[in-house]
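What follows is calculated from the coordinates using simple rules that are stated; it is not laboratory data. Everything numeric in this text was worked out from a predicted model, so none of it was measured. Methodologically, a virtual Cβ is constructed for each residue, glycine included, from the backbone with ideal geometry; neighbour enumeration extends over all protein chains shown.
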């Protein structure tokens with residue numbers, strides 16, 4: 001029948017045909033209505049996920065429409081892992097067979113193997129064990145071998161483990177068996193002790209010392225003491241014999257103590273220098289440590305100590321500290337001498353080009369200084385922005401957008417692993433999302449990674465762009481590298497807290513790179529890396545709701561409390577963002593201590609003489625990021641010099657009326673203008 005068939009012809013169709021057509025149409029409507037949208041699937045997954053984590057099969061009733069959803073296997077794995085202690089091998093093997101080489105299968109295998117090892121079900125363990133699952137399971141596999149009557153072979157079973165300076169507790173029984181079998185010779189023990197000493201693993205050294213005979217065991221125990229209690233080791237060393245290993249322990253103790261108490265280390269060196277026949281290399285290392293850590297204390301003789309070190313003993317670290325001590329004294333000829341003593345590569349770092357210009361200006365060479373400033377001002381970094389302020393130049397920022405490549409984007413989106421990564425991010429499981437991302441893009445070239453990062457950015461997964469766009473022209477992808485993330489409420493929360501939104505953005509970017517689940521070793525959490533105790537106190541002081549440490553992984557909660565804490569730090573330091581940033585990183589009491597010691601310095605010199613490398617770098621990054629975010633928010637940027645008022649000078653919060661600098665792209669910007677690291681991560 002043609003589309004133009006007459007009404008009469010249509011009316012002559014058999015009733016059965018019409019009924020069939022109607023039934024088909026109704027089925028189609030029903031199927032359309034029954035097919036859940038992606039948004040519905042995500043909601044259903046979250047519900048099923050909460051149930052699956054409690055174990056059992058109850059999750060299945062919540063996941064009826066999810067069998068074709070990319071994350072369905074994660075539900076099954078979560079339930080199985082909860083019940084891992086009671087799973088039989090066949091159930092685990094079935095899951096592994098259905099999802100070979102996928103991350104949930106690897107997770108279930110690992111969890112089940114650890115459970116079987118704990119229960120000492122060695123036959124089942126060995127049936128599903130695979131090499132390459134880490135030191136703990138490798139040692140569990142060796143325990144299984146021993147339990148079944150096998151013997152250890154050092155080269156085959158232990159050599160790789162033996163190279164590690166520290167091993168998990170699961171390896172203790174294996175090492176005991178190896179020692180009992182005579183496999184851990186004195187030479188092998190000393191080789192591992194030396195690796196552990198280099199890694200600062202005093203516990204490993206102490207454990208191995210017990211297996212060495214007589215005097216050798218005592219010498220090894222004294223190496224462990226030097227690592228763990230250097231002051232005690234120095235006190236005891238006056239009674240030690242002058243043997244090579246005891247000399248090593250004494251030298252190590254002095255070097256370790258120098259990090260904590262340079263005066264006590266000096267005194268220990270005076271006592272032990274005539275007591276032991278230290279080698280020239282040991283003497284040089286001791287003098288180096290004493291000079292370096294006296295420099296970090298900014299002692300009176302630190303500059304002379306560093307300058308007196310032999311050239312072959314110097315390192316980039318000692319040379320930079322020679323310059324920092326000179327900066328703390330504002331001894332500009334000494335600053336120039338220290339920079340001249342650096343390697344060519346170190347001299348070319350933007351920090352030392354800036355301070356060379358500062359020193360030249362201070363020693364009567366303004367033209368040379370201005371020429372250096374002008375070149376440095378073409379770089380979008382902390383020191384580039386400082387240099388631009390010195391010569392009243394615009395800030396040099398040259399933005400680019402990532403290139404479009406629709407065909408390659410579609411090819412990437414077709415990858416099941418990347419589909420799972422994006423879905424895991426969409427359902428608020430970012431850690432699992434990152435693992436799938438890494439697996440899906442393992443071995444990919446730079447161009448592919450950049451396309452994937454753009455896809456992630458478009459989905460609100462900002463940290464992928466931050467970490468991927470970290471070199472070359474990608475440094476100019478400012479929209480992606482410095483996202484505004486308005487949905488997290490940064491601007492209104494900063495305004496309510498009474499701080500500059502661009503500074504709040506900069507802190508969040510520096511703290512977490514926009515990883516909402518960031519968690520530090522010190523238990524700092526979320527976008528602005530707040531400690532639960534600090535967050536609870538800030539909430540109480542500001543009359544804000546507080547529902548526990550887990551709430552800090554909610555970006556809105558984290559930003560609300562983080563901006564209030566920033567406001568507290570700012571109020572403590574006359575509103576100065578640069579000092580408050582240092583306090584946010586190192587703690588306000590430590591900043592007070594530095595101010596007591598060097599509070600007469602101009603801000604740029606004070607930052608350069610912060611003893612902690614992490615905090616120096618942090619303040620520089622935050623200040624540079626604040627410039628970039630101010631430009632992103634307003635099209636211009638508050639001068640960096642305005643954000644860094646002199647110590648003791650009140651800071652005025654900028655507003656829309658505050659004068660800002662133009663941001664331009666130099667027509668002939670040097671390569672370093674896009675490759676410099678000062679304003680990257």
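In segment 406-468, what is the volume of the convex hull around the alpha carbon atoms, normalised per residue and reported in Å³?
72
By per-residue mean of other Cβ atoms within 10 Å, what is the highest-first order of 329-341, 78-90?
Working: 329-341: 17.8, 78-90: 15.5.
Ranking the peptides 329-341, 78-90 by packing returns 329-341, 78-90.
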- prompt: So, in nm, how far is label residue 447 from label residue 99 when the simple model puts each one 7 Å beyond its Cα toward the Cβ?
  reply: 3.4
message: What does the C-alpha gyration tensor say about the overall shape of segment 187-333? Classify as rounded when a/c is under 1.5, otherwise prolate if a/b is larger than b/c, or oblate.
response: prolate
Distance in nm between pseudo-label sites at residue 229 and residue 392 (7 Å out along the Cβ direction from Cα): 6.5
message: Would you report the distance distribution of C-alpha pairs in segment 495-579 as whole percents per 5 angstrom bin, up to the bin with the largest distance?
response: 3, 17, 28, 26, 20, 7, 1
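Take each of the peptides 262-268, 448-454, average the number of other beta-carbon atoms within 10 Å over its residues, and list them starting from the highest.
Details: 262-268: 18.4, 448-454: 21.6.
Final packing ranking: 448-454, 262-268.
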query: Measuring from the lowest to the highest alpha carbon on each principal axis, how far does segment 42-168 reach, largest first, in angstroms?
result: 53, 26, 23
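Could you work out the helix-only [θ] at 222 nm for the chain, with each DSSP H run of four or more residues adding -39,500 (n - 2.57) and the total divided by the number of residues, to the nearest 500 deg cm²/dmol?
On the way: 41 runs with 430 residues, N = 681.
It comes out at -19000 deg cm²/dmol, rounded to the nearest 500.
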query: Between residue 166 and residue 279, what length comes free when the chain is fully extended (0.36 nm per residue of separation minus the Cα-Cα distance, one decimal in nm)?
result: 37.8 nm
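By per-residue mean of other Cβ atoms within 10 Å, what is the highest-first order of 154-161, 128-135, 625-632, 294-301? Don't jump to the answer; show the numbers that get you there.
Working: 154-161: 14.2, 128-135: 12.5, 625-632: 25.2, 294-301: 17.5.
Output ranking for 154-161, 128-135, 625-632, 294-301: 625-632, 294-301, 154-161, 128-135.
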message: Between residue 496 and residue 646, what is the label-point separation in nm under the 7 Å Cα-to-beta-carbon projection?
response: 3.8
task: Just check the chain against the gyration tensor rule for me: Cα atoms, a ≥ b ≥ c as the square roots of the eigenvalues, rounded for a/c under 1.5, and otherwise prolate or oblate depending on whether a/b exceeds b/c.
output: oblate
- line: Residue span residue 297 to residue 653: 0.36 nm per residue of separation minus Cα-Cα distance leaves a gain in nm of 124.8 nm
- request: Mind running the shape call on segment 536-596? Use the C-alpha gyration tensor, a ≥ b ≥ c as the square roots of the eigenvalues: rounded below 1.5 for a/c, prolate if a/b tops b/c, oblate otherwise.
  value: prolate
Spatial separation of Cα centroids for segment 247-293 and segment 302-321, in angstrom: 16
task: Compute the separation of the alpha-carbon centres of segment 521-591 and segment 99-157 and state it in Å as a whole number.
output: 44
message: Please report the projected area of segment 481-675's Cα convex hull averaged over all directions, in nm².
response: 11.6
